[in-house]
Amino acid sequence: MPDTLRTASKYFAWTSLLLAGGTVGALLIGHRPAVGPLLIGTFASLALFFMGHSFLKSFAFTVWVFAFVAASMFYPQAFMTWAGYDLGKLIVPLIQIIMFGMGTTLSLADFARVFKMPWPVFVGMVLQFSIMPLVGFGVARTFDFPPEIAAGIVLIGACPGGVASNLMAYLAGGDVALSVTMTSCSTLMSPVMTPLMMKLLAGRFVPVKFVPMMLLILNMIVVPVLAGLVANRILYSNSRWANRKGPLSLLAAGGFGVAVLTVALYGRLPNAIMAFRDGVIIGAALIGAVSLVKLIVSLMLGRSGNWMDKVLPIVSMAGICLIIAIITAQSRDDLLTVGGLLMAAVVIHNSIGYALGYWLSRLVRLDERTCRTVAIEVGLQNGGMASALAVKALQSNTAALAPAIFGPWMNISGSVLATWWHGRPVKTAKGDAYPSGKARQQGALDGST
């Protein structure tokens with residue numbers, strides 16, 4: 001974190017307190033027009049304070065989500081159209097960019113690791129695609145939500161694990177390498193498992209088409225992740241080709257060329273290719289961009305370091321915040337009607353996911369570190385993917401409400417659970433706590449590359 005932000009952190013803390021006091025005062029005197037700007041400012045200042053704090057920075061993303069949600073609730077029109085352009089059309093491209101970023105943190109070793117630990121991965125996958133969809137269905141039935149909202153609850157449960165689970169597993173003293181492998185595997189399984197569970201369960205609430213949803217997931221999730229894997233090799237390979245101007249120039253030109261050619265051939269490509277058109281365009285363009293940026297930053301300017309690791313999390317955070325704001329603005333009236341009940345349902349859904357993930361892992365005699373990892377993987381879902389599927393596959397902004405609420409909440413609950421487990425380190429055979437110090441740091445690095 002930049003030193004300037006650390007220095008300014010305490011000022012943001014005082015600013016957030018002053019703005020919070022102003023919000024309460026405006027409510028007490030009934031000055032409604034002032035509440036919106038004051039509340040948005042409170043959350044934004046608090047998020048900046050958290051970003052500069054060594055311990056609280058893991059909560060900064062969640063507070064930024066609250067700031068965007070507040071803005072979209074008070075000023076919904078600002079997140080519906082810009083200059084006549086429907087912002088809802090940005091949801092899928094933003095998810096594709098986020099999933100490309102996820103792919104850049106992966107390597108083939110993360111997938112090959114499944115052969116080294118097949119039983120934990122198998123247990124995790126079974127629990128991932130059974131507990132959360134079934135619990136979601138039960139919660140939706142219990143609360144008797146309208147069909148589209150009920151389908152959205154099942155949808156967030158039927159999606160694969162979210163990338164935040166890797167950080168939470170690290171903080172909780174879990175198996176980071178296993179967490180990365182489980183997230184990777186559940187993401188690759190999602191084109192089949194997510195539509196299947198939606199057809200079986202959410203199909204009782206709304207019409208669900210298996211094949212169109214499967215193709216959408218491949219286009220929106222899998223193709224960008226695979227493009228990200230290619231970018232990972234470009235960014236981090238020690239081979240000569242990845243560190244020379246000629247090959248990087250060719251990769252940049254090739255990436256942009258494929259993207260432009262795919263756009264130019266719109267309507268003339270086979271249907272099988274057209275189904276993945278958007279994913280190919282985004283993936284190819286981003287591969288070209290990564291190659292070009294590496295060429296300029298690393299080779300021409302001579303700056304070393306994993307600069308992409310700093311850029312992509314910011315892009316992902318901004319993209320998810322904007323997606324949630326767009327969905328909230330477009331479903332504002334529904335949220336005001338069922339917001340409280342839906343929040344309760346989300347908390348129950350998420351909590352049962354953690355509990356069953358942990359105790360069922362214990363039941364099949366997995367070790368403590370693995371049980372913690374599976375619990376976090378099961379409880380934390382890919383909320384961005386669920387939001388996009390609700391809008392594009394189910395054609396319902398209302399169905400996207402549950403994922404929009406689940407996302408911020410799981411970051412809060414996951415951080416609390418990870419912090420609680422962090423205070424109860426796992427004991428190794430030698431009686432030493434794991435992980436700690438350099439071993440723990442190395443574990444996180446190994447799991448993220």
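The values are calculated or read from the model by the stated rules, or taken from the named source; none is laboratory data. The structure displayed is predicted, hence computed values, not measured ones. Don't worry about glycine lacking a Cβ; one is built from the backbone with ideal geometry, like all the others, and counts go over all protein chains shown.
Can we say Ala151 is among the small types (Gly, Ala, Ser), more than 17 Å from the chain's Cα centre (by Cα) and over 18 Å from Ile352 (Cβ atoms)? First the steps, then the outcome.
Working: among the small types (Gly, Ala, Ser): yes; more than 17 Å from the chain's Cα centre (by Cα): yes; over 18 Å from Ile352 (Cβ atoms): yes.
In short, yes.
Give me the helices (runs of 4 or more DSSP H) completely within region 175-258, filtered to those with at least 2 residues that are of a type in the set (S, T, N, Q), ordered by residue number. Can you show your working first?
Numbers: elements: 176-200, 210-217, 223-236.
By residue number, 176-200.
Name the single residue that is nearest to Pro120 (Cα to Cα) among those in region 352-377 being among the small types (Gly, Ala, Ser) and touching a helix residue (DSSP H, G or I) at 6+ places or on another chain (Cβ under 7 Å).
Restricting attention to region 352-377, the residues satisfying the condition of being among the small types (Gly, Ala, Ser) are 353, 355, 357, 361, 375.
With the extra rule that they be touching a helix residue (DSSP H, G or I) at 6+ places or on another chain (Cβ under 7 Å), the set shrinks to 353, 357, 361, 375.
Values: Gly353: 17, Gly357: 12, Ser361: 9, Ala375: 12 Å.
If we take residues in region 352-377 being among the small types (Gly, Ala, Ser) and touching a helix residue (DSSP H, G or I) at 6+ places or on another chain (Cβ under 7 Å), then Ser361 is nearest to Pro120 (Cα to Cα).
Anything in region 94-121 that is in a helix (DSSP H, G or I) and surrounded by fewer than 17 Cβ atoms within 10 Å (Cβ to Cβ)? List them, or say none. Write out each step before concluding.
Going residue by residue through region 94-121, those that are in a helix (DSSP H, G or I) are 94-104, 108-115, 118-121.
Correct list: Leu108, Ala109, Phe111, Ala112, Phe115, Pro118, Trp119.
Out of curiosity, is Ala253 exposed (fewer than 15 other Cβ atoms within 10 Å of the Cβ), touching a helix residue (DSSP H, G or I) at 6+ places or on another chain (Cβ under 8 Å) and touching a residue at least 12 places away in the same chain (Cβ under 8 Å)?
Working: exposed (fewer than 15 other Cβ atoms within 10 Å of the Cβ): yes; touching a helix residue (DSSP H, G or I) at 6+ places or on another chain (Cβ under 8 Å): yes; touching a residue at least 12 places away in the same chain (Cβ under 8 Å): yes.
When the stated conditions are applied, Ala253 passes them.
Here's a check for you: in region 18-60, which residue that is of a type in the set (S, T, N, Q) and touching a helix residue (DSSP H, G or I) at 6+ places or on another chain (Cβ under 8 Å) is nearest to Ile412 (Cα to Cα)? Write out each step before concluding.
At the first step, the residues of region 18-60 found to be of a type in the set (S, T, N, Q) are 23, 42, 45, 54, 58.
Next, from what is left, pick out any that are touching a helix residue (DSSP H, G or I) at 6+ places or on another chain (Cβ under 8 Å): 23, 42, 45, 58.
Working: Thr23: 23, Thr42: 18, Ser45: 18, Ser58: 9 Å.
Checked region 18-60; the qualifying residue nearest to Ile412 (Cα to Cα) is Ser58.
Is there a residue being under 24 Å from Met410 (Cα atoms) and of a type in the set (S, T, N, Q) anywhere in region 80-88? Let's see the steps before the verdict.
As a first pass, look at region 80-88 and keep what is under 24 Å from Met410 (Cα atoms): 88.
Subset that is of a type in the set (S, T, N, Q): none.
So far as region 80-88 goes, no, none of its residues is under 24 Å from Met410 (Cα atoms) and of a type in the set (S, T, N, Q).
So which residues in region 360-386 are in a helix (DSSP H, G or I), of a type outside the set (Gly, Ala, Ser) and under 19 Å from Val176 (Cα atoms)?
Arg362, Glu368, Arg369, Thr370, Cys371, Arg372, Thr373, Val374, Ile376, Glu377, Val378, listed by residue number.
Residues are listed down the side, and each one gets a yes or a no for (1) of a type outside the set (S, T, N, Q); (2) surrounded by fewer than 24 Cβ atoms within 10 Å (Cβ to Cβ); (3) within 25 Å of Ile281 (Cα to Cα); (4) free of Cβ contacts under 8 Å to residues at least 60 places away in the same chain:
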{"position": "Leu171", "(1), (2), (3), (4)": "yes, yes, no, no"}
{"position": "Asp175", "(1), (2), (3), (4)": "yes, no, no, no"}
{"position": "Thr181", "(1), (2), (3), (4)": "no, no, no, no"}
{"position": "Pro191", "(1), (2), (3), (4)": "yes, yes, yes, yes"}
{"position": "Thr194", "(1), (2), (3), (4)": "no, no, yes, no"}
{"position": "Met197", "(1), (2), (3), (4)": "yes, no, no, no"}
{"position": "Phe210", "(1), (2), (3), (4)": "yes, yes, yes, yes"}
{"position": "Leu226", "(1), (2), (3), (4)": "yes, yes, yes, no"}
{"position": "Leu235", "(1), (2), (3), (4)": "yes, yes, yes, no"}
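Please go through region 48-74 and pick out each residue that is outside any helix (DSSP H, G or I) and aromatic (Phe, Trp, Tyr). So that I can check it myself, show each step before the final result.
Taking region 48-74 as the starting set, the residues that turn out to be outside any helix (DSSP H, G or I) are 52-55.
Across region 48-74, the qualifying residue is only Phe55.
Of all the residues that make up region 99-154, how many are under 20 Å from Ile221 (Cα atoms) and polar (S, T, N, Q)?
Residues in region 99-154 being under 20 Å from Ile221 (Cα atoms) and polar (S, T, N, Q): 4 in total.
Let me spell it out: the conditions are (1) over 29 Å from Ala386 (Cα atoms); (2) surrounded by fewer than 18 Cβ atoms within 10 Å (Cβ to Cβ), and Gly267 meets all of them except one. Which number is the exception?
(1)
Where residues in region 336-350 are under 14 Å from Gly407 (Cβ atoms) and crowded, with 18+ Cβ neighbours inside 10 Å, which of them is farthest from the chain's Cα centre (by Cα)?
Per the criteria, the residue is Leu342.
Can you report the number of residues in region 14-33 which are closer than 17 Å to Phe68 by Cα and either more than 29 Å from the chain's Cα centre (by Cα) or not hydroxyl-bearing (Ser, Thr, Tyr) (or both)?
As a first pass, look at region 14-33 and keep what is closer than 17 Å to Phe68 by Cα: 16, 19-20, 23.
Next, only the ones that are either more than 29 Å from the chain's Cα centre (by Cα) or not hydroxyl-bearing (Ser, Thr, Tyr) (or both) stay: 19-20, 23.
Total satisfying the criteria: 3.
Residue by residue through region 370-404, note down the ones that are aliphatic (A, V, I, L, M) and farther than 15 Å from Ile326 by Cα.
Step one: of region 370-404, the residues aliphatic (A, V, I, L, M) are 374-376, 378, 380, 385-386, 388-391, 393-394, 399-402, 404.
Within region 370-404, Val374, Ala375, Ile376, Val378, Leu380, Ala393, Leu394 qualify.
Return the residue satisfying two criteria in turn: it lies in region 237-250 and is surrounded by 12 or more Cβ atoms within 10 Å (Cβ to Cβ) and not aliphatic (A, V, I, L, M), and of such residues it is nearest to Leu286 (Cα to Cα). First the steps, then the outcome.
Of region 237-250, the ones surrounded by 12 or more Cβ atoms within 10 Å (Cβ to Cβ) are 237, 241-244, 247-250.
Imposing the further condition that a residue be not aliphatic (A, V, I, L, M) reduces the set to 237, 241, 243-244, 247, 249.
Values: Ser237: 17, Trp241: 19, Asn243: 18, Arg244: 19, Pro247: 16, Ser249: 14 Å.
So, considering only residues that are surrounded by 12 or more Cβ atoms within 10 Å (Cβ to Cβ) and not aliphatic (A, V, I, L, M), the one nearest to Leu286 (Cα to Cα) is Ser249.
Table: residues versus (1) modelled with pLDDT of 90 or more; (2) in contact with a His (Cβ under 8 Å, 6 or more places away or on another chain); (3) polar (S, T, N, Q).
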| site | (1), (2), (3) |
| --- | --- |
| Ala67 | yes, no, no |
| Tyr75 | yes, no, no |
| Trp82 | no, no, no |
| Asp86 | no, no, no |
| Val92 | no, no, no |
| Gly103 | no, no, no |
| Ser107 | no, no, yes |
| Ala112 | no, no, no |
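Being of a type in the set (Ser, Thr, Tyr) and either part of a loop (DSSP other than H, G, I, E, B) or more than 17 Å from the chain's Cα centre (by Cα) (or both) is the filter here; which residues of region 387-398 pass it? First the steps, then the outcome.
The first filter runs over region 387-398 and keeps only residues of a type in the set (Ser, Thr, Tyr), leaving 387, 396, 398.
Ser396, Thr398, listed by residue number.
Which condition number in (1) on the phi > 0 side of the Ramachandran plot; (2) in a helix (DSSP H, G or I) is the one that Ala151 fails?
(1)
Please indicate, with yes or no, whether at least one residue in region 59-79 is loosely packed, with under 13 Cβ neighbours inside 10 Å, closer than 30 Å to Ile281 by Cβ and of a type outside the set (Ser, Thr, Tyr). Working first, answer last.
At the first step, the residues of region 59-79 found to be loosely packed, with under 13 Cβ neighbours inside 10 Å are 77.
Then drop every residue that is not closer than 30 Å to Ile281 by Cβ, which leaves 77.
Checking which are of a type outside the set (Ser, Thr, Tyr) leaves us with 77.
Within region 59-79 (the criterion being loosely packed, with under 13 Cβ neighbours inside 10 Å, closer than 30 Å to Ile281 by Cβ and of a type outside the set (Ser, Thr, Tyr)), the answer is yes, since at least one residue qualifies.
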